[in-house]
1. Give me the residue from region 3-40 that is closer than 20 Å to Met129 by Cβ and in a strand (DSSP E or B) and, out of that set, farthest from the chain's Cα centre (by Cα).
2. Mind checking whether some residue in region 41-56 is at pLDDT below 95, over 18 Å from Asp127 (Cα atoms) and of a type in the set (A, V, I, L, M)?
3. I need the full set of residues from region 170-192 which are outside any strand (DSSP E or B), open to solvent by 50 Å² or more (accessible area, probe 1.4 Å), closer than 25 Å to Arg204 by Cα and hydrophobic (A, V, I, L, M, F, W, C), in order please.
4. Kindly indicate which of Ala165, Ala203 is surrounded by fewer than 15 Cβ atoms within 10 Å (Cβ to Cβ), at pLDDT 95 or above, more than 15 Å from the chain's Cα centre (by Cα) and among the hydrophobic types (A, V, I, L, M, F, W, C).
5. Which of the numbered conditions does Lys201 fail, given that it passes all the others? Conditions: (1) under 21 Å from Met78 (Cα atoms); (2) without any contact (Cβ under 8 Å) to a residue 12 or more places away in the chain; (3) basic (Lys, Arg).
6. I'd like to check something: does region 119-130 contain any residue that is surrounded by fewer than 20 Cβ atoms within 10 Å (Cβ to Cβ) and under 19 Å from the mean Cα position of the chain (by Cα)?
7. How many residues, within region 206-233, are surrounded by fewer than 19 Cβ atoms within 10 Å (Cβ to Cβ), assigned to a helix (DSSP H, G or I) and among the aliphatic types (A, V, I, L, M)?
8. When only residues in region 83-97 that are buried (at least 20 other Cβ atoms within 10 Å of the Cβ) and not acidic (Asp, Glu) count, which is farthest from Ile20 (Cα to Cα)?
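The values are calculated or read from the model by the stated rules, or taken from the named source; none is laboratory data. These numbers were taken from a predicted model, which means no experiment stands behind them. Cβ atoms come from the backbone with ideal geometry, glycine included; neighbour counts cover every protein chain shown. For accessibility, only protein heavy atoms count, side chains too; no ligands or nucleic acids. Shrake-Rupley method; radii C 1.70, N 1.55, O 1.52, S 1.80 Å.
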Amino acid sequence: MRLRQVALVGRDLAAIRQDITEVLGLGGAYADPGVGKYGLANQVWPIGDTFLEVVSPTQDGTTAGRLLDKRGGDGGYMAIFQTDDLAADRARIAKAGVRVVDQMDRGGASFTHLHPKDVPGAIVSVDAMEPKERWEWGGPDWRDNVRTDSAVEIRGAEVQGEDPAAMSERWAQVLACPREQTADGWRLVTEGGEIRFTPLKDARGEGLTAFDVAVRDPAAVRARAKVRGCVDQAGEVVLCGTRVRLVQA
């Protein structure tokens, strides 16, 4: 199971787009018309062959809008995993009693969105593509938007909650990933990366609080973030209300 895409949610899509593009040094983004059915607009950037998405509500009463209100502003939204055996994963998910909130199988692109009350901390999606290197949500020409002179790949994410042990155990059950304890919580080992689970670090409640990006020059990325006001008091880069853990590529 590989973390192929991280989705954030924010109010001002244009401003967030400018921050992300300039801080991480990304290329063009894709606006997926398919998210319109959820009352959203979005932008999706390739980072190598992984993807960063930002969604923004375009109408009242959306799940994304409710999350913005609940957590007091922009932040993490979804973790999208790619699998090589979707049938087996769907069978395991059903056996675990996890509700599916949306599902699609169309032209070699498939997804299964899981209920966040059953897999807490984010909306988790398990997706499959034919061929494997394809990524429908990045658009048909996503390779033309790849720019890797700064950011290379998304390698992980962090989720906080009141009970990180129970949360990580549930994610491990659903995703069939190895789980191990760390100094400050738990982690799942994914293909090429990890998902970390920590106790609550702020007053925003449970949620996706950080994602890891492999970059060629962390100091340069941090300097660009500082110029744009995207560094918090602890010196960490923050984009769309979400901490960005810079990993040396």
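1. It comes out as Tyr30.
2. No: zero hits.
3. Ala183
4. Answer to the check: Ala165.
5. The failed condition is (2).
6. So far as region 119-130 goes, yes, one or more of its residues are surrounded by fewer than 20 Cβ atoms within 10 Å (Cβ to Cβ) and under 19 Å from the mean Cα position of the chain (by Cα).
7. Qualifying residue count for the region: 4.
8. Among those that are buried (at least 20 other Cβ atoms within 10 Å of the Cβ) and not acidic (Asp, Glu), it is Ile93.
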